[in-house]
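The block underneath contains the structure these notes are about, expressed in structure tokens.
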Amino acid sequence: MDKYFSRLMFISVLVFLVSFFIHILLVSLFEIDETFWVILGMVVAPTGFAIGIIGHLVLRLKNRSAK
């Protein structure tokens, strides 16, 4: 279960970076201000990262107390 939270953190960082670069490309090349990529990069990705960190820490503390 711990690896799922680690994957969620990794995927969230990738989503943040990809959405940031797509937004920059759309604005600079086509002068399109697409708010979907901003919302994805600034709201959804950090939320997934926070869930990943919290889940990872909870499982780590739970395993530590079980020993």
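Values quoted throughout were computed directly from the atomic coordinates according to the rules given, and no laboratory measurement underlies them. Predicted model only: the values in this text are computed from it and were never measured.
Counting only Cα atoms, I'd like the Rg/Rh figure for the chain, Kirkwood definition for Rh.
Over the Cα atoms of the chain, Rg/Rh equals 1.22.
Full extension from LEU59 to VAL13: what is 0.36 nm times the residue separation minus their Cα-Cα distance, to one decimal in nm?
Working: separation 46, 0.36 × 46 = 16.56 nm, distance 2.07 nm.
Gain in length upon complete extension: 14.5 nm.
Taking Cα atoms, how many degrees apart are the long axis of helix 45-66 and the longest axis of the chain, rounded to 10 and kept between 0 and 90?
Compared with the principal axis, the helix lies near 10 degrees.
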